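This report concerns only the one structure given below.
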Amino acid sequence: MRSYPVYFLSLAFLLLSCGKEKAVRTIPDTVIPVKVLNLQKENRHPAYNVSGQFTTEDEANLSFKNGGIVRTVYVREGDAVKEGQLLAVLDMTEINALTSQAEIALSKAERDYSRASNLYRDSVATLEQMQNAQTALDIARQQAVNARFNRQTAVIRATRSGYVLRKYAQEGQIVGPGTPILQINGASKGDWVLKAGVSDVQWAAIQTGDRATITTDAYPQKKINGRVARKSEGSDPMTGTFTVTIAVEGTNHEGIAAGLFGKAEVTGSRQQSVWAVPFSALLDSDRSRGFVFAVSDGNRARKVPVTIERIENKNVIISAGLEDYGQIILEGNAYLTDGSEISIAR
């Protein structure tokens, strides 16, 4: 008699389990309503957004050949300068003394050579003595040339007409040979360029001669035309980026200054066959890879991996992955899995 309760309990549990299984099987698949976009491939000139700083091709750091005490710097940052204008000088006391020594040594060498030549003609001095005097004279002449050159390079003159960008040293400061004193450029010629850092993908796609439209935060409404002048042949070891130099075109360069930050949209010369789709269609993107849901067999959603070429305005430019599909899903894709049944909203 004790086995009957166990028997009836087991039978009840079995009947309940079968009933649940039957109930699960009778629930129909969920159909998810979605909105779609008809795909159409387009031939486009790619656009690349880059940023950098304005400068000129002829920026130069000016310095003294020899060290010394800076006596006077005649210009300030921002001053306009003309080619050949005196910009800075060293204290000349030591340099003038060395030059005078060289001149005195040269005068003595000339006298010694003249005396040795006369004695040689009189057969009093030997040929070797005269030749030694000649050598001493040649050495003294070169030392005098060197001293005069050092005196000339104890002053800094503008190598071109332009503007003073930086002033690195002050009066009374002791500087070494080659220490930068001033930085100038030839901005008066209007030869402005925008040097922009780009990724390796952008560097490979951008070509010399591609057109560019430049803007600045200082004058956001002003559009400046430019053209890619050249590309670097190696990456910057500090940043790992490549450099693209964009030459500014035209003559109206008002509002451009050295070091000013600028942004440029470079239009590539090579056409690409791509798809332009809204952001809402893209899922799980990671740099150049992402996923979209495409329509398959009319009522099924397929999760498709795609190659992202770039972001352009409000669209994602896709270069590969959608070749076998005519529609992608724009709305409702957040509720889909691969193979979900869908109904297209009209």
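See the values below:
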item	result
Cβ-Cβ under 7 Å pairs, at least 6 apart or on other chains, the stretch 263-285 side at positive phi, far side assigned to a strand (DSSP E or B) and at pLDDT 85 or above	ASP284/GLY290; ASP284/PHE291
Single match in ALA154, ALA187, ALA147, ALA204 (criterion: at pLDDT below 90, among the aliphatic types (A, V, I, L, M) and over 18 Å from ALA247 (Cα atoms))	ALA204
Some residue of the stretch 200-213 being acidic (Asp, Glu) and surrounded by fewer than 16 Cβ atoms within 10 Å (Cβ to Cβ)	yes
So GLY259, is it at positive phi, in the same structural domain as ASP200 (by TED's automatic domain parsing) and surrounded by fewer than 16 Cβ atoms within 10 Å (Cβ to Cβ)	yes
Selection from the stretch 236-252 of residues that are within 12 Å of the chain's Cα centre (by Cα) and surrounded by 16 or more Cβ atoms within 10 Å (Cβ to Cβ)	THR241, PHE242, THR243, VAL244, THR245, ILE246
Residue list for the stretch 253-273, filter: more than 14 Å from THR216 (Cα to Cα) and under 14 Å from the mean Cα position of the chain (by Cα)	VAL266
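Residue by residue, here is whether (1) without any contact (Cβ under 8 Å) to a residue 24 or more places away in the chain; (2) part of a helix (DSSP H, G or I); (3) under 30 Å from ARG76 (Cβ atoms) holds:
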position	(1), (2), (3)
ALA102	no, yes, no
SER114	yes, yes, no
LEU119	yes, yes, no
THR159	no, no, yes
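Residue-wise test of (1) assigned to a loop (DSSP other than H, G, I, E, B); (2) surrounded by fewer than 17 Cβ atoms within 10 Å (Cβ to Cβ); (3) touching a residue at least 12 places away in the same chain (Cβ under 8 Å).
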position: ILE69; (1), (2), (3): no, yes, yes
position: THR72; (1), (2), (3): no, yes, yes
position: VAL75; (1), (2), (3): yes, no, yes
position: ILE95; (1), (2), (3): no, no, yes
position: LEU106; (1), (2), (3): no, no, yes
position: SER123; (1), (2), (3): yes, yes, no
position: ALA133; (1), (2), (3): no, no, yes
position: GLN143; (1), (2), (3): no, no, yes
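The values are calculated or read from the model by the stated rules, or taken from the named source; none is laboratory data. Note that the coordinates shown come from a computational prediction; the quantities given were computed from them, not determined experimentally. Methodologically, a virtual Cβ is constructed for each residue, glycine included, from the backbone with ideal geometry; neighbour enumeration extends over all protein chains shown.
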